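Colleague: Supplied in structure tokens, the structure appears directly below.
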Amino acid sequence: MTARVYTAQDKPLIFKHGRDTLHFKIDRTIQVRGQLLVCGWMSGEVRLSLCGRDETVALSYHRVQRPDVTQALKLPEGPYGFSFAVATDAEDILLLLERSAWKLQALVRVTPERHAPKLRLDELARLAAPEDLQKLEAPKKLKDATTPLATAVEGYIDVAEAYGTPDSDTQVYLVTGWVLNPRNLPLYYDNVQREKKPLPTAIAWKHHGVLEAYRDKGLPANAKPGFALLFEDGPLPILTLYTRHGDGYRAVTQKAVRQAGGDALPTLRTLLPLPDNDTEFLDFCHLYAHELRQLVRLRARTQDALPDTVHAAPRLRGGRRYSVIIPLYGNATLMETQCLCFARDEEILEQAEILYCVDDPELYDTAVRVVEKMLGLYPRLPLRWIRCGANRGFAGANNLAAAHANGSVLCFCNSDCIATRPGWLGRLAAHLDNDASVGAVGCRLLATDGSIQHAGMYFSWRASLDLWLTDHPRSGCAPRDDAFAGPAEVPAVTGACLVMRASDFAAVGGWSRDYLIGDFEDSDLCFRVRERGQRVLYDPTVELTHLERQSYGHQGDGLFRRRVTLYNAFVHQGLWQRYLEETS
């Protein structure tokens, strides 16, 4: 994309994207003793890079409170100001503004003020961060400033991991560590041909150990010396970071690369919470969209290659029409209650098989004890169960069980969904029998207090995140307040209880493995049904009780879980923008 060149000193630049607007303005550009201080403000987050003749170098800028901007634009609390200082004697510099979500690229020419007024610390302190003022080499008016950090680049690599098979031509590298780079010098690493390549753009984060260790040397408390990045390359036994030094390079730090196999989830649990806020995290998703998808898909391929074993109740006969598929992870406390309800449903006993997919190796022995107990009490229970080699996740467990299912109609059901009335499965499947245009059917799910939990899935636009998120209308309302009294077409239904033909499930390719842990797979499946020209139906006359999230077990702390949801929403939006906009 060719970027137009703007000048932002005279008046704010305004960029629009859908319902969102970005303002960008540079207020002061002051040059002192080879350092250029740039102060300005912007109403959103962008990536800033300094454009030279031969390369573009990412800039880290500091945030500053600007009450004048907040009040003038009637924005929520900021900060909206920014400042940075770079070492240059150039007459002007070019800044590259980028916002991946908008595909925005804009070049802004910045020219130092020719007749800058006399420096005043109190005035500049309103526009610039203390660490940027320190870089002006302490002129007389700033004599009380803390002694600036040394100009040498220091750093350390905490983690250097390669994901993929050791003999593959390309691997995904996940690198975290810290670097002190006062002059924002470009960093390089050795690629597989031992050539120096520019280090990809990294996300910055507060490395509290470094902040504490360097506090007495002038490192400000709000600095972000930590970095994390992803990139692809050939097999690298050692990762070394360099800076340019004259006509050559100087090594900053190095780390032996650990071959981490195919599951990056343990490291992602540490990585995803690092960005300070959700906006920074979504910028991270845009920046590393390809690499993150590669990690998620590699994890899926590794899981799917694991062995599994299938067991069945001794008296289970063949010829079953329905396969009720239930992934089991982290929690088996509701298994007895669920089986008790199945045992009281003659339709289930005669026409269905209940296929538990134990997606948690630590839970397998507990699940088998429950199965043996229930079969002892109810010998007619049509139970089958699968032992997974490891946790495959919601989509992987459902796909594995579907591959072993015998029924022509599949019912995907959470282990915390309880059917209190018999005949529910046949009533949902009847919609598939009566209308070939129906590809998936869901029911009304109730909370334990009898209120509506799910009555069809819709989507709402969150302008602050630039994302479409799931929405469940009438949630918390009494069933009499449902928008539908009878079966109705909806954009999507929840995967907590979803019925579809086995042939249609195979035609859409099963549950997508592009999502991390468990979010948005159900709407993705429904959108692929709709993509084939079929409809998704919601039937409020069939009700199950759903003890939401009881089936999940432990999925990590709240921040990590939120970031997983945001990442999955980002992937989902990239695939299904057209259908999402139709729901608004």
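The values are calculated or read from the model by the stated rules, or taken from the named source; none is laboratory data. A quick note: this is a predicted structure, and the numbers were derived from the prediction, not measured. Cβ sites come from the backbone with ideal geometry, for glycine too, and all protein chains shown count toward neighbours. The accessibility values were calculated without ligands, DNA or RNA, using every heavy atom of the protein model including side chains. Shrake-Rupley method; radii C 1.70, N 1.55, O 1.52, S 1.80 Å.
Colleague: Round to the nearest 10 and report in Å² the accessible area of ILE354, as given by a 1.4 Å probe over the protein chains' heavy atoms.
Modeller: 0 Å²
Colleague: Here's a follow-up. Which cross-chain or sequence-distant (5 or more) residues have an amide H under 5 Å from the amide H of VAL257, H modelled 1.01 Å from N in plane?
Modeller: Amide H neighbours of VAL257: ILE238, LEU239.
Colleague: How high is the relative contact order of the chain, given as a whole-number percent (alpha carbon pairs under 8 Å, six or more residues apart)? Mind showing how you got there, number by number?
Modeller: Details: 1212 pairs, mean separation 58.4, N = 584.
Reported relative contact order: 10 percent.
Colleague: Do the alpha carbons of any pairs in LYS16/LYS103; LYS74/LYS224; LYS135/LYS224; LYS196/LYS255 sit beyond 23 Å of each other, and which pairs?
Modeller: Details: LYS16/LYS103 11 Å; LYS74/LYS224 29 Å; LYS135/LYS224 16 Å; LYS196/LYS255 16 Å.
Over 23 Å Cα-Cα: LYS74/LYS224.
Colleague: In Å, the Kirkwood hydrodynamic radius of region 406-496 over pairs of distinct alpha carbons? It would help to have the intermediate numbers written out before the result.
Modeller: Working: mean 1/r = 0.0673 Å⁻¹.
Mean inverse Cα-Cα distance, inverted, gives 14.9 Å.
Colleague: What's the angle, to the nearest 10 degrees (0 to 90), between helix 558-582's Cα axis and the longest principal axis of the chain?
Modeller: Around 80 degrees separate the two axes.
Colleague: Relative contact order for region 293-444: what is it in percent, counting Cα pairs under 8 Å that are at least 6 residues apart? Show your work: numbers first, answer last.
Modeller: Values: 250 pairs, mean separation 52.3, N = 152.
For region 293-444, the relative contact order is 34 percent.
Colleague: OK, next. Give me the 1.4 Å probe accessible area per residue for the chain, excluding ligands and nucleic acids, in Å².
Modeller: On the way: 26150 Å² over 584 residues.
Heavy-atom accessible area per residue stands at 45 Å².
Colleague: Once both labels are modelled 7 Å past Cα along the beta-carbon direction, what's the GLU581-ASP278 spacing in nm?
Modeller: 2.2 nm
Colleague: Can you run the Rg to Rh ratio on region 470-584? Use alpha carbon positions and the Kirkwood inverse-distance Rh. All intermediate terms of the calculation are to be shown ahead of the outcome.
Modeller: On the way: Rg = 15.1 Å, Rh = 15.8 Å.
Reported Rg/Rh, Kirkwood definition of Rh: 0.95.
Colleague: Okay, next question. Mean 1/r over all different Cα pairs, inverted: what Kirkwood radius does region 234-305 give, in Å? List each step's numbers first, then the result.
Modeller: Values: mean 1/r = 0.0669 Å⁻¹.
Final number for the Kirkwood radius of region 234-305 is 14.9 Å.
Colleague: Then there's this: So what's the back-of-envelope 222 nm ellipticity for the chain, counting only DSSP H runs of four-plus at -39500 (n - 2.57) apiece and dividing by all residues, rounded to 500?
Modeller: Details: 15 runs with 152 residues, N = 584.
Calculated at 222 nm, the ellipticity per residue is -7500 deg cm²/dmol.
Colleague: Cβ neighbours within 10 Å, averaged per peptide: list 496-507, 420-431 in order, most packed at the top.
Modeller: Numbers: 496-507: 20.0, 420-431: 17.8.
Packing proxy ranking, top to bottom: 496-507, 420-431.
Colleague: Ratio of Rg to Rh for region 407-559, alpha carbon only, Kirkwood?
Modeller: Values: Rg = 15.2 Å, Rh = 16.0 Å.
Rounded to two decimals, Rg/Rh equals 0.95.
Colleague: Quick one: which residues, 5+ away or cross-chain, put their amide H under 5 Å from the amide H of PHE459? H built at 1.01 Å from N.
Modeller: Excluding prolines and chain starts, which carry no amide H, the hits are ASP471.
Colleague: Let me ask something else. May I ask for the angle, rounded to the nearest 10°, between helix 289-304 and the longest principal axis of the chain, with both axes built from Cα atoms and the value confined to 0 to 90°?
Modeller: Orientation of helix 289-304: about 30 degrees from the principal axis.
Colleague: So, R0 is 22 Å and r is the distance between the beta-carbons of ARG293 and THR165; what FRET efficiency does that work out to, to 0.05?
Modeller: On the way: r = 18 Å, r/R0 = 0.81.
For ARG293 and THR165, the calculated efficiency is 0.80.
Colleague: Quick one: if the Förster radius is 60 Å, what FRET efficiency do ASP68 and ALA478 give, using the C-beta to C-beta distance and rounding to 0.05?
Modeller: Details: r = 49 Å, r/R0 = 0.82.
Taking R0 as 60 Å, the efficiency between ASP68 and ALA478 is 0.75.
Colleague: Shifting gears a bit: Can you bin every Cα-Cα distance in region 191-320 into 10 Å intervals starting at zero and give me the percent of pairs per bin, rounded to whole numbers?
Modeller: It works out to 9, 27, 31, 16, 7, 5, 3, 1, in whole percents.
Colleague: How large is the Kirkwood hydrodynamic radius of region 309-412, counting all unique pairs of alpha carbons, in Å? Walk me through the intermediate numbers first.
Modeller: On the way: mean 1/r = 0.0743 Å⁻¹.
Mean inverse Cα-Cα distance, inverted, gives 13.5 Å.
Colleague: Compute the length gained on full extension between THR111 and ARG427: take 0.36 nm times their separation in residues and subtract their Cα-Cα distance, giving the result in nm to one decimal. Walk me through the intermediate numbers first.
Modeller: Numbers: separation 316, 0.36 × 316 = 113.76 nm, distance 7.18 nm.
Separation in residues times 0.36 nm, less the Cα-Cα distance, equals 106.6 nm.
Colleague: Taking only Cα atoms of the chain, what ratio of Rg to Rh do you get with Rh as the Kirkwood inverse-distance radius?
Modeller: Numbers: Rg = 28.6 Å, Rh = 27.1 Å.
Ratio of gyration radius to Kirkwood radius: 1.06.
Colleague: Please report the antiparallel percentage of the DSSP beta bridges confined to the chain, to the nearest 5.
Modeller: The answer is about 75 percent antiparallel.
Colleague: A follow-up question, please. Starting from the 7 Å offset along Cα-to-Cβ, what nm value, one decimal, do you get for the label separation of ARG317 and THR21?
Modeller: Going from the ARG317 label point to the THR21 one covers 7.1 nm.
Colleague: Just order 433-443, 249-259, 375-385 by mean Cβ neighbour count inside 10 Å, highest at the front, would you?
Modeller: Numbers: 433-443: 19.3, 249-259: 15.0, 375-385: 17.3.
The peptides rank, most packed first, as 433-443, 375-385, 249-259.
Colleague: Would you mind calculating the relative contact order of region 349-395 from Cα pairs under 8 angstrom and at least 6 residues apart, reporting the percent as a whole number?
Modeller: Numbers: 46 pairs, mean separation 27.1, N = 47.
Answer for region 349-395 is 58 percent.
Colleague: What ratio of Cα Rg to 2.2 N^0.38 Å holds for region 362-447? Numbers along the way, then the final one.
Modeller: Values: Rg = 15.2 Å, N = 86, 2.2 N^0.38 = 12.0 Å.
It is 1.28.
Colleague: What's the FRET efficiency of ALA251 with ASP158 using the Cβ-Cβ distance as r and R₀ = 22 Å, to the nearest 0.05?
Modeller: On the way: r = 17 Å, r/R0 = 0.77.
The calculated FRET efficiency here is 0.80.
Colleague: Not counting ligands, DNA or RNA, and with a 1.4 Å probe, what is TRP205's accessible surface area in Å² rounded to the nearest 10?
Modeller: Only protein atoms counted, so the area is about 40 Å².
Colleague: Using a 1.4 Å probe and counting only protein heavy atoms, arrange ARG563, ARG513 so the residue with the most accessible area comes first.
Modeller: On the way: ARG563 5, ARG513 45 Å².
I get ARG513, ARG563, largest accessible area first.
Colleague: Further question on the same structure: What accessible surface, in Å², does a 1.4 Å probe find on TYR173, ignoring ligands, DNA and RNA and rounding to the nearest 10?
Modeller: 10 Å²
Colleague: How far apart, in nm, are two points set 7 Å out from the Cα along the Cα-to-Cβ line at ARG369 and at ASP10?
Modeller: Rounded to a tenth, the inter-label distance reads 7.8 nm.
Colleague: Enumerate the calculated ³J(HN,Hα) couplings along region 75-84 in order (Karplus 6.51 cos²θ - 1.76 cosθ + 1.60, θ = phi - 60°), each rounded to whole Hz, writing x wherever the residue is Gly or Pro.
Modeller: Once θ is set to phi - 60°, the couplings for region 75-84 become 9, x, 3, x, x, 10, x, 8, 7, 7 Hz.
Colleague: Continuing with the same structure: For region 283-343, report the translational diffusion coefficient in µm²/s to the nearest whole number, using Stokes-Einstein at 25 °C, 0.890 mPa s, and a Kirkwood Rh over Cα pairs. Mind showing how you got there, number by number?
Modeller: On the way: Rh = 16.1 Å.
The estimated diffusion coefficient comes to 152 µm²/s.
Colleague: Let me ask you something else. For helix 393-404, report the angle its Cα long axis makes with the longest principal axis of the Cα atoms of the chain; keep it between 0 and 90° and round to the nearest 10°.
Modeller: 30 degrees
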